[in-house]
């Protein structure tokens with residue numbers, strides 16, 4: 001069973017503060033993804049990675065940075081958090097050239 | 001813009017009734033995938049269905065590429081089917097998914 005974990009599970013941040021969301025996968029998957037889910041929008045891709053050291057912009061990258069320091073870890077960084085970034089964030093991992101994506105449990109972020 | 005249109009946005013059923021969920025896509029499609037999200041939870045893959053019909057228990061997925069649509073049929077719904085169903089499409093040979101907005105299903109006893 002594919003295992004993707006996220007931390008923290010819940011986070012309250014202040015406007016202008018820095019927020020780092022972490023994702024870890026033990027499946028040895030090359031591909032990792034960060035999505036946000038908002039009512040009325042479904043899941044939208046923020047950043048993704050094809051392997052350690054690589055990050056690519058997704059469909060809504062503005063205001064977010066990503067870091068993939070190792071095969072297992074993929075972080076999403078909000079340098080200057082804004083209330084519009086209040087959302088539920090999901091990380092996923094998947095093998096190369098595959099339709100498979102395995103999702104983590106999600107992180108609920110509230111920016112006040 | 002949104003490449004995947006999902007309908008209906010919400011559906012309320014009595015236990016035992018059938019549900020039909022639809023996705024239409026506006027661009028060329030490589031494959032369509034259906035996910036289930038339990039209330040407040042994560043996503044699990046139900047079907048990977050690039051074309052044709054696939055069945056798993058009470059769930060049937062049909063994708064017709066020429067007509068740019070995919071459907072998910074749930075027969076004899078149960079209260080445990082309640083949750084959100086999302087379709088997602090892949091373009092080309094990449095692994096990126098574009099999701100529909102989801103369909104919230106509520107099944108009452």
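Read the figures in this text as sums done on the coordinates, not as results from a lab. Since the structure is predicted, the reported quantities are computational estimates derived from the model, not experimental observations. All Cβ positions, even for glycine, are placed from backbone atoms using ideal geometry, and neighbour counts span all protein chains on display.
Cβ crowding within 10 Å ranks B:81, A:62 as A:62, B:81, fewest other Cβ atoms first. P(r) for chain A, from all Cα pairs and a bin width of 10 Å, is 16, 52, 28, 4 %, short bins first.
Sorted into 10 angstrom bins from 0, the C-alpha pair distances of region A:32-87 split as 25, 53, 21, 1 percent.
Can you give the FRET efficiency for residue B:108 and residue B:44, using 1/(1 + (r/R0)^6), R0 = 30 Å, r = Cβ-Cβ distance, to the nearest 0.05?
Details: r = 23 Å, r/R0 = 0.76.
About 0.85, to the nearest 0.05.
Report for chain A the percent antiparallel among DSSP-assigned beta bridges with both residues inside it, nearest 5.
Numbers: 34 of 38 bridges.
Antiparallel bridges: around 90 percent, rounded to the nearest 5.
Shielding value for A:43-55 is 2, the average number of Cβ atoms from other chains within 10 Å of each residue's Cβ.
Taking R0 as 22 Å, what FRET efficiency do you get between residue A:72 and residue A:9 from their Cβ-Cβ distance, rounded to the nearest 0.05?
The computed FRET efficiency comes out at 0.75.
Region A:67-81 and region B:13-36 have Cα centres separated by 32 Å. Per residue, the average separation of C-alpha pairs within less than 8 Å and at least 6 apart gives region A:13-112 a relative contact order of 34 percent. Residues A:46, B:65 in ascending order of nearby Cβ atoms (within 10 Å, fewest first): B:65, A:46.
Run the numbers on chain B and let me know its relative contact order in percent, using alpha-carbon pairs under 8 Å that are six or more apart. Please report the intermediate quantities before stating the final value.
Working: 279 pairs, mean separation 40.7, N = 109.
So the answer I get is 37 percent.
Spin-label pair residue A:18-residue A:84: with each label point 7 Å from Cα along the Cα-Cβ axis, the two points sit 2.3 nm from one another.
Could you work out the mean count of beta carbons from other protein chains within 10 Å of each residue's beta carbon in B:44-54? Don't skip to the end; give the middle numbers.
Details: counts 2, 5, 0, 0, 3, 1, 1, 0, 0, 0, 0.
Mean inter-chain Cβ contacts per residue within 10 Å come to 1.
Structural size metrics of the protein assembly as shown, computed from C-alpha coordinates, are Rg and Dmax of 17.4, 50 Å. Ranking of A:108, A:9 by neighbouring Cβ atoms within 10 Å, starting from the fewest: A:9, A:108. The residue B:55 and residue A:41 beta-carbon pair, evaluated with R₀ = 41 Å, returns a calculated FRET efficiency of approximately 0.85. Averaged over the residues of A:34-42, the number of partner chain Cβ atoms lying within 10 Å of the residue Cβ comes to 4.
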